[in-house]
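Worksheet for the structure shown next.
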2 protein chains.
Amino acid sequence: MAEKGVKVFGMWVSPMAIRVEWALWLKGVGYEYVDEDLANKSDALLRHNPVTKKVPVLVHDGKPIAESTIIVEYIDEAWKDGYPIMPADPYERAQARFWASFADDKCNAAIYLVFTETGEAQREVVREAQQCLKTLEKALEGKKFFGGDTVGYLDVVVGWYTYWLPIIQEVSGTSVVTHEELPLMKAWFDRFLAVDVVKETLPPRDKLLALNKARHEQLLST
Amino acid sequence: MAEKGVKVFGMWVSPMAIRVEWALWLKGVGYEYVDEDLANKSDALLRHNPVTKKVPVLVHDGKPIAESTIIVEYIDEAWKDGYPIMPADPYERAQARFWASFADDKCNAAIYLVFTETGEAQREVVREAQQCLKTLEKALEGKKFFGGDTVGYLDVVVGWYTYWLPIIQEVSGTSVVTHEELPLMKAWFDRFLAVDVVKETLPPRDKLLALNKARHEQLLST
């Protein structure tokens, strides 16, 4: 018997899971949220995503979908008369997908290393992360958001940078996104964080900071 | 001044570039093909794909698109009245994208290790590749092709296995896709290789085998 409605399996600390929540909020679609304990995943999560066993998972009328970017595209297609997340033009869609893939494959890896490296190695990965974001910044030129005048697919995919990256910087004692190095990106951080949907959904900063501090100490002590 | 028409920058040996050719053939779209020398990339390739500098790149009326899976989706959207590559249903589309991402992220890495490892380590990665393909095989259950009765997006994405994997097996002295271990996958190999568009576009087997033998020897000698 299929469950009716919309359910999101996430984890409050996950920057991938929040993409799904942002997409649903943009569409104005209500959902039930299940917060997973990644050390003790629920049977429901494992049943809905037996292949990768990861959050986020969206369950829509009993049918599960995994992988955050795929879920965001699904939400845009399943509620196609609502707020448009993907660009309408095929070429613009391809560009948005290209930059999303570039950010996930290249920039996220560099940002993760900023969190885990120290000393000279850290200075090097900070430069690499900046270089990656500098390349990504081209997709912002002449625009308010990556999606143009309003938040779109690429904003949803890289939006976590605006909230998680300052925390990573604080914990690791680095400065990656500065007005000097990445002026368009920095200005977009402020604009994105002022969007109502974003403000409504972000986890508490103090709690996120404390968890990331604890993780960082644990990483450096091993 | 934008170039008119459709141009593909590929490399005859690349299993990613042939995805773009298959998608265009399925749509019946003619194109100019530029074969790149990866040791000496053309200025045109570097201009069209300055970010990753990789093939394949599709240039449509002067506008470049990179990344094979993104290009295939673009082709389906830009020539939307032709042969349908993506499933029409949003949920089926999400499933096709999920399996494509799973294959590219997990199975391709395992298959690459079959090519590069030897001895006991190789036996282990053969088992891992089989396990990955066994998981992927679920997407074939009860169907002729991954796309159903006809070739679709996922067939285009993983179709290279049917031609490149037997060559990898021959060069590395392994058996990954056997009738005993992967019966649905093995039967799909034969069906996919019998598709006209596929037969028309595959590079010469003897040339591909010779190149892969040379690469394998070079890898093992370093």
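Charge dipole (Cα centre; +1 on Lys/Arg Cβ, -1 on Asp/Glu Cβ; no other charges) of segment B:90-220 amounts to roughly 160 debye. DSSP assigns beta bridges within the protein assembly as shown; of those with both partners inside it, close to 70 percent run antiparallel. Counting only DSSP H runs of at least 4 residues, each contributing -39500 (n - 2.57), and dividing by the residue count of the protein assembly as shown, the helix-based mean residue ellipticity at 222 nm comes to -16500 deg cm²/dmol. This model, with +1 at the C-beta of Lys and Arg and -1 at the C-beta of Asp and Glu, gives segment A:6-78 a dipole about its Cα centre of some 160 debye. Enumerate cysteines in the protein assembly as shown without a disulfide-compatible partner, where compatibility requires another Cys Cβ under 4.7 angstrom. Unpaired cysteines in the protein assembly as shown: none, every one has a partner Cβ under 4.7 Å. Buried surface for the B/A pair, taken as the accessible area of each chain alone minus that of the pair with a 1.4 Å probe, is close to 2100 Å² in total. Work out the charge dipole of segment A:145-222 with +1 on the Cβ of Lys and Arg and -1 on the Cβ of Asp and Glu about the Cα centre, then indicate which of A:Thr222, A:Val171, A:Leu208 is farthest towards its positive end. The one lying farthest along the dipole's positive direction is A:Thr222. Qualifying GluC sites (Glu not before Pro) in segment B:123-222, where qualification requires a DSSP coil assignment and no more than 11 other C-beta atoms within 10 Å, comprise B:Glu141, B:Glu180.
What is the Cα radius of gyration of segment A:90-220 over 2.2 N^0.38 Å, N being its residue count? It would help to have the intermediate numbers written out before the result.
Numbers: Rg = 14.8 Å, N = 131, 2.2 N^0.38 = 14.0 Å.
So the Cα radius of gyration is 1.05 times the expected 2.2 N^0.38 Å.
Expressed as a whole percent, the accessible area of the protein assembly as shown that falls on carbon and sulfur atoms is 52 (1.4 Å probe). Ligands, DNA and RNA aside, B:His216 has an accessible area near 20 Å² when probed at 1.4 Å.
With a/c under 1.5 counting as rounded, go ahead and sort chain A into rounded, prolate or oblate using the C-alpha gyration tensor (a ≥ b ≥ c being the square roots of the eigenvalues; past the cut-off, prolate if a/b is larger than b/c, else oblate).
On the way: a/c = 1.94, a/b = 1.21, b/c = 1.60.
Verdict is oblate for chain A.
Taking every DSSP beta bridge that has both ends in chain B, the antiparallel portion is near 70%.
Solvent-accessible area per residue for chain B at a 1.4 Å probe radius, Å²? Please report the intermediate quantities before stating the final value.
On the way: 10250 Å² over 222 residues.
On a per-residue basis, chain B sits at 46 Å².
In chain A, once you exclude exposed trypsin sites (Lys or Arg not before Pro) (DSSP loop, at most 15 other Cβ within 10 angstrom), what's the longest stretch remaining? With trypsin sites (Lys or Arg not before Pro) excluded where exposed in loops, chain A gives A:145-222 as its longest stretch. With 30 Å² as the minimum drop in accessible area between chain alone and full protein complex (1.4 Å probe), the qualifying residues in segment B:94-114 are B:Ala94, B:Arg97, B:Phe98. Centre-to-centre separation between the Cα atoms of segment B:142-175 and those of segment A:27-48: 33 Å. Think of each Lys and Arg Cβ as +1 and each Asp and Glu Cβ as -1; about the Cα centre, that makes the dipole of the protein assembly as shown roughly 80 debye.
For B:Ser42, the amide hydrogen comes within under 5 Å of the amide hydrogens of B:Asp37, counting only partners 5 or more places away or on other chains and with H modelled in the peptide plane.
Loop only per DSSP, at most 15 neighbouring Cβ atoms within 10 Å: give me the GluC sites (Glu not before Pro) in segment B:27-86, ordered by residue number.
On the way: sites: B:Glu32, B:Glu36, B:Glu67, B:Glu73, B:Glu77; in loops: B:Glu36, B:Glu67.
Passing sites in segment B:27-86 do not exist.
Taking every lysine pair in segment A:90-220 that is 8 or more places apart or spans two chains, those with Cα atoms closer than 23 Å amount to 15.
Per-residue SASA remark: B:Thr174, around 20 Å² accessible (1.4 Å probe; ligands, DNA and RNA not included).
Using the Cα gyration tensor of segment A:6-78, with a ≥ b ≥ c the square roots of its eigenvalues, what is the shape: rounded (a/c below 1.5), prolate (a/b larger than b/c) or oblate (neither)?
Numbers: a/c = 1.71, a/b = 1.44, b/c = 1.19.
Taking the square roots of the gyration eigenvalues as a ≥ b ≥ c, segment A:6-78 is prolate.
The H on the amide N of B:Tyr33, modeled in the peptide plane, is under 5 Å from the matching H of B:Val8, each at least 5 residues off or on a different chain. Comparing the full protein assembly with the isolated chain, the residues of segment B:34-56 losing at least 40 square angstrom of accessible surface (1.4 Å probe) are B:Val51.
The values are calculated or read from the model by the stated rules, or taken from the named source; none is laboratory data. This one's a predicted model, so the numbers in the text were calculated from it and none came from an experiment. Positions of Cβ are backbone-derived with ideal geometry, glycine not excepted, and every protein chain shown enters the neighbour counts. Only protein heavy atoms, including side chains, enter the accessible area calculation; ligands, DNA and RNA are left aside. Shrake-Rupley method; radii C 1.70, N 1.55, O 1.52, S 1.80 Å.
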